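What follows is calculated from the coordinates using simple rules that are stated; it is not laboratory data. All figures in this text were calculated on a predicted structure; none of them were measured in a lab. Neighbour counts are summed over all protein chains in view; Cβ atoms, including those assigned to glycine, are modelled from backbone coordinates with ideal geometry.
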Amino acid sequence: MRPYLRIEKPCEESLKNMHIIPEGKFCDLCSKKVYDLTKLTHSEISDIAEQNHGKKFCGILINKEPEQKREETFSIPEHTSYRKNTFTKVAAGIALTASVMNTLPAQTKDVSKTQVILSGKNLSAEKIQRKNTKGGEKLTASGRIVTSEEGKPVKAYVNLITINKVYSTETNEDGFYSLEIPQELAQEENYLLEFSPFSYNFDQKLKVFSRNEITQKSVIKLPDNGIYKELGEVSFGPPYAEENSVIFLHGKRLDYKLFNKSYSLYSSKYSIYYIPKPFTKFFTESDLVKDIFIVFVK
């Protein structure tokens, strides 16, 4: 799951018609402050996001390039202050990550109304571990990733997501990919693939493939997400876990508060695969689950 910052709803009002105020402009059309983000660092944008309590806000983003270490500075949850001392942040993050790993058995015992009910072949980590594949059949997921508008190739990672492990490959320069399905998963009925483009101009995409579909060459189209549009409602992420979220750390259930605390301290220690509501049914039949985080410590 990659941090993002973009204009989700472009504004048709001209900047020339807006009044100059501290931090940016004021739009009379919608009676909102419009933050000028063009010269701010991503940590400073994080502070604005925190001031708005996690809600979307209007901003000016003219050719705002992603920063290389954006994931460590932009992901700030509500009610969490930004830590400027890098050494303290790293040390605390490592310590808390170690604590998380050492307390995994205790974290899996809690049962609440949001307890995920794993069902089906795809869902149970224990079933996946015990499963024996018959016949040694080999399956390969292959296809091409292109832009929706012009059909140009998009370089991206392609990830096959399970609770216990993520199997990855990447496209070539022409957008073609090929990912061999592990033998222990060859008899599954469905597969969840994530297409994660290198460029911030395109969003990640999830898609469920049936066993028959996975062997057919697919064309995955990614639309431009509008990251370089000039003005409008700013969308930022990734989200933080909530009470109705389910977090798996190396295949084990983890308390969402402990995860948020650790992630806010040292996000770069984790590889996170975010499963939003439309795709939670792949892992659980429960309607109470808002989203799922599949997490691994790097």
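Miscellaneous remarks
- Structural descriptor for the range 154-298: relative contact order 19 percent, calculated from alpha carbon pairs under 8 angstrom and at least 6 residues apart.
- Once the Cα-Cα distance is subtracted from the 0.36 nm per residue extended length, the LYS39 to LYS277 segment shows a gain of 82.2 nm.
- Charge tally in the Cβ shell below 11 Å around PRO22, where Lys, Arg are +1 and Asp, Glu are -1, PRO22 excluded: 0
- In this simple spin-label approximation, HIS19 and VAL297 carry label points 7 Å from Cα along the Cα→Cβ vector, and these lie 5.3 nm apart.
- The 3J(HN,Hα) values that the Karplus relation (6.51, -1.76, 1.60; θ = phi - 60°) gives for the range 255-260 are, in residue order, 4, 5, 5, 5, 4, 4 Hz. Gly and Pro appear as x.
- Using a Förster distance of 35 Å, the FRET efficiency for SER199-SER31 (Cβ separation, nearest 0.05): 0.50
- For GLY232, residues with placed amide H under 5 Å, excluding near neighbours: CYS11, GLY59, LEU61
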